[in-house]
Amino acid sequence: MKYAFAKRVRHLQSSAVRDLLKIINKQNVISFAGGLPDDRLFPLDGVQAAFEKTFQSGKKALQYQETEGYAPLRELLCDRMKVKGINSYSPEDVLITTGSQQAIDLFSRVFFNPGDVILTEDPTYLAALQVFESYEATVIPVLSDENGMLMDDLEQKLKQYRPKCIYVVPTFSNPAGKVWTIEKRSAVLELAKKYHVVIFEDDPYGDIQFNEDEVYTPIAALDNGDYVLYTSTFSKTVVPALRTGWIAGPHQIIRMMAQAKQANDLHSNSLSQMALYHLCLDFDLDQHIQMLRKEYHDRMKTMLAELERSGLPGLSYVVPKGGMFFWLEVHESLDTTKLLQEAVKEGVAYVPGAPFFVGRSKQNTLRLNYTHSTPDKIEEGMQMLVKVFSNAMEKGKVY
Ligand SMILES: Cc1ncc(COP(=O)(O)O)c(C=O)c1O
């Protein structure tokens, strides 16, 4: 039987790379591919205690809850956002979502008609691109350097395409591991105001910063609450399994998204929300985040040391100041999509860079995650990876 799927699902097809990565998880391969935190560092006791506390409130905890999310958690999130300088949202301007991923989806659902334009960095977060495309939005890439978008190009594209939104991951981006300067953050907001466009600021990694002394002010902290939607998540700092994130923004947009959420799933898992509320009260989340910063920083340095001694010709990268990823450009003769199979045979996996691009993709790029593997596995895996790339170049194979 040939099923008559809607036209828009043509964007949802699985790729050969995805299929390969699925197999990797089942094999004995050192994987730098997923965007995974390390489960050995999960605060299991804290999460368990938080659920026990949740169940102490009895059967009521098992009832349907309001779509907007558990009110005490929304209040607590406003307090936590204030610490980052984000002052303009009250609990009514916050919607709890099933991860930040759902925030991206609900926003797209209420904003995009087919053909509406959204501007993004290039490369950018793959699963956001998939959402935008599933709502038949047209994604236009903006040029950037290692400090963020190029404002001239952004302004020209704002004029030319009249987009509805600018999507950015300004603090330790996925996949590029970049951090925007404060000047770029202010400038993008000024342009958003000038052209009446909202900014969707996706900030899952902001807490994983390696240099305690640096301040990465969210764009939302520079705004008065009219132009920026800010989403973040507990996936990287607590655990992804609770599937809890949030979005804060202009009240009208949040209200519309809550209505869309009602149609979508009524509300996110309320036991997770209550447990996270108790976790934030009874467990020292900030201390836990400090531990993660140190641990992930050490792992980044282990990967960096391997890159530095690799001797690979044509290798370039920016050293991440936080987050979970290295973004590499290797010699232009190498096609990382084609080489992935050889790497997996050798015992190591990565994500080829090509799918993250909106515009012309660079085949000689890849993303490496350093948070999921232990330092000794990082060393072992990197040596395998360097061998695969060196061999490919030595043999002069045309990939
Ligand atoms: C940039 C970015 N945004 C959003 C998400 C979604 O995170 P979650 O749905 O787990 O909160 C991720 C996950 O990797 C991400 O990298």
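Based solely on its DSSP helices, what 222 nm [θ] is calculated for the chain when runs of n ≥ 4 H residues each add -39,500 (n - 2.57) and the sum is averaged over all residues, nearest 500 deg cm²/dmol?
For the chain, the value works out to -13500 deg cm²/dmol.
Considering only C-alpha atoms, what is the centroid distance from the range 318-395 to the range 143-169, in Å?
The range 318-395 and the range 143-169 have Cα centres separated by 28 Å.
Let me know the shape class of the range 78-149, please: from the alpha-carbon gyration tensor, a ≥ b ≥ c as square roots of the eigenvalues, rounded when a/c is under 1.5, otherwise prolate if a/b is greater than b/c, or oblate.
Verdict is oblate for the range 78-149.
At a Förster radius of 56 Å, what calculated FRET efficiency corresponds to the Cβ-Cβ distance of Ser90 and Lys387, to the nearest 0.05? All intermediate terms of the calculation are to be shown ahead of the outcome.
On the way: r = 55 Å, r/R0 = 0.98.
The pair Ser90/Lys387 has a calculated efficiency of 0.50.
Once the Cβ-Cβ distance between Glu332 and Arg309 is put in as r, and R0 is 22 Å, what FRET efficiency do you end up with, to the nearest 0.05? List each step's numbers first, then the result.
On the way: r = 22 Å, r/R0 = 1.00.
In this case the efficiency is close to 0.50.
For the range 230-240, take each phi angle, set θ = phi - 60°, evaluate the Karplus expression 6.51 cos²θ - 1.76 cosθ + 1.60, and give the result in whole Hz per residue in order, putting x for glycine and proline.
10, 10, 8, 7, 8, 5, 9, 9, 10, 8, x
Taking 0.36 nm per intervening residue step and subtracting the Cα-Cα distance, what contour gain separates Asp45 from Tyr195 on full extension? Walk me through the numbers before you get to the answer.
Values: separation 150, 0.36 × 150 = 54.00 nm, distance 4.87 nm.
Going from the current span to full extension adds 49.1 nm.
Counting only C-alpha contacts under 8 Å and six or more residues apart, can you give the relative contact order of the chain as a whole percent? Let's see the in-between values first.
Numbers: 727 pairs, mean separation 94.1, N = 399.
Once normalised by length, the contact order is 24 percent.
In the chain, carbon and sulfur make up what percent of the accessible area (probe 1.4 Å)?
51 percent
With θ taken as phi - 60° and the coefficients 6.51, -1.76 and 1.60, list the Karplus ³J(HN,Hα) couplings across the range 304-313 in order, rounded to whole Hz; mark glycine and proline as x.
Using θ = phi - 60°, the values come out as 4, 4, 5, 5, 5, 9, 6, x, 5, x Hz.
Going 7 Å from the Cα of Glu66 in the Cα-to-Cβ direction, what parts of the range 224-259 have a backbone nitrogen less than 19 Å from that spot?
Residues 245-259 qualify, since their backbone N sits under 19 Å from the label point.
Which value, in Å², gives the accessible area per residue of the chain when a 1.4 Å probe is used on the protein heavy atoms? Display every interim value, and only then the final one.
Numbers: 18290 Å² over 399 residues.
Counting only protein heavy atoms, the per-residue value for the chain is 46 Å².
Over the range 1-155, what relative contact order in percent results from Cα pairs under 8 Å that are six or more residues apart? Walk me through the numbers on the way to the answer.
Values: 99 pairs, mean separation 29.3, N = 155.
Rounded, it is 19 percent for the range 1-155.
Please report the spacing between the Cα centers of the range 24-100 and the range 191-262 in Å, no decimals.
15 Å
Roughly what would the spin-label model give for Lys395 and Arg80, points 7 Å off Cα along C-beta, in nm?
Here the modelled spin labels are 4.8 nm apart.
Compute the label zone of Lys2 within the range 105-145: residues whose backbone N is under 11 Å from the point 7 Å along Cα-to-Cβ.
none
Using Cα atoms only, what is the angle between the long axis of helix 44-56 and the major principal axis of the chain, expressed in degrees (0 to 90) to the nearest 10?
Roughly 20 degrees between the two axes.
The values are calculated or read from the model by the stated rules, or taken from the named source; none is laboratory data. Fair warning: this is a prediction, and the values are worked out from it, not measured in the lab. Virtual Cβ from ideal backbone geometry, glycine too; neighbours counted across all protein chains shown. All accessible areas refer to the heavy atoms of the entire protein, side chains included, with ligands and DNA or RNA removed. Shrake-Rupley method; radii C 1.70, N 1.55, O 1.52, S 1.80 Å.
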